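Since the structure comes first, as structure tokens, the remarks are kept for the end.
Just so it is clear, none of the values below were taken in a lab; they were calculated from the coordinates. Fair warning: this is a prediction, and the values are worked out from it, not measured in the lab. Glycine gets a Cβ as well: all are built from the backbone with ideal geometry, and neighbour counts include every protein chain shown.
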Amino acid sequence: MTADSGKITTRRLRKMKALGEKIVCLTAYDFTFARIIDRCGVDVILVGDSAANVVYGMRTTLTIGMEEMLHHTRAVASGVERALVVSDMPFLSFQVSPERAVENAGRLLQAGAEAVKVEGAGPVLEVVQRLVAFGIPVMGHLGLTPQAVHQLGGYRLQARKPEEQERLLADALALEAAGCFALVLEKVPAEVAGVVTRRLQIPTIGIGAGPECDGQVLVLQDLLGLTDEPRLKFVKQYAELSRVVQTAVAEYCSEVRSGRFPGKEHSFYLDEGK
């Protein structure tokens, strides 16, 4: 583990920002990977609705629901000891009404999450206030918000124009005032993310938002090279595990077909132990 073993809390994340310590965040969707990255010292593990893409092969995050998110949250929480577990609230789980949002966020916490993430501002501010009032920590998400992909016209860089930059900052400040403990900034110019980061008291977590954010998040499968999709500009691939897996599985197939596996060392016999 490359970080100390103390439990990460929302309060500790704010302290890390104050001390200038960078926050490390990764997605996870199952017990095995959650346990591995937790032991590596990741600070925040996001049970992302990006599971729609990397686990289920869906084209957008709009098609994953509460039941799937509860399933993945339980699995991830079972493997985590140190990191803060944050679960995405899927599309329509919080937009319908604050009451529905409280109910669904509560279900995610019962499944093992320690905080939830919601996309957007504006009408979402009332939802954030209501969740925080009930003791549910909330992470915000601005810039490219995948649940609004059809309204945004695709996965384009956001906050390019001065008026869009002003709106982004105003929304960020409003989410902070509503009670968010942190804010994801996705696919916005680095200079703009830097301005927002300096203005906020809460930490910013960037993805395609440059180096000035207080922390960074990536989809684990992108980092490990497990996806077939073209690499996005803001993704650094730290391994090519897809090739490793293909090589291992191909060797397994060959050994089974040739009779080399299983060997005696992998088999049980009646006279063993005599």
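Observations on the structure shown:
- Mean Cα-pair separation over length for the chain, i.e. relative contact order, pairs under 8 Å, 6 or more apart, %: 15 percent
- Backbone N under 20 Å from the L19 label point (7 Å along Cα→Cβ), restricted to the range 85-108: 85
- Couplings 3J(HN,Hα) for the range 110-115, derived from phi with the Karplus relation 6.51 cos²θ - 1.76 cosθ + 1.60 (θ = phi - 60°), are 5, 7, x, 5, 10, 6 Hz, where x marks Gly and Pro.
- Size of electric dipole in the chain: Cβ of Lys, Arg +1 and of Asp, Glu -1, about Cα centre, debye, nearest 20: 400 debye
- The fraction of Cα-Cα pairs per 10 angstrom bin, counted from 0 for the range 135-274, comes to 11, 29, 22, 12, 9, 10, 6, 1, 0 percent, rounded to whole percents.
- Per-residue [θ]222 nm for the chain (sum of -39500 (n - 2.57) over DSSP H runs n ≥ 4, rounded to 500): -12000 deg cm²/dmol
- Spatially close Lys pairs in the chain, defined by Cα atoms under 22 Å apart and a spacing of eight or more places or different chains, total 17.
- Spatial extent of the range 50-119: Rg and Dmax, with the Cα atoms as the point set, Å: 11.8, 33
- Nearest-0.05 FRET efficiency for R160 and R199, computed from C-beta distance (R0 22 Å): 0.70
- Each other residue within a Cβ distance under 12 Å of F31 adds +1 if Lys or Arg and -1 if Asp or Glu, for a net charge of 0.
- Sorted on the mean count of surrounding Cβ atoms within 10 Å across their residues, most packed first, peptides 247-259, 191-203, 144-156 read 191-203, 144-156, 247-259.
- Descending semi-axes in whole angstrom, ellipsoid equivalent of the chain, from the Cα gyration tensor: 37, 21, 19
- Three-way shape label, the range 31-151, alpha-carbon gyration tensor, a/c 1.5: oblate
- Here's how it looks for V47: its modeled amide H is under 5 Å from those of A28, V86, S87, D88, which are all 5 or more places away or on a different chain.
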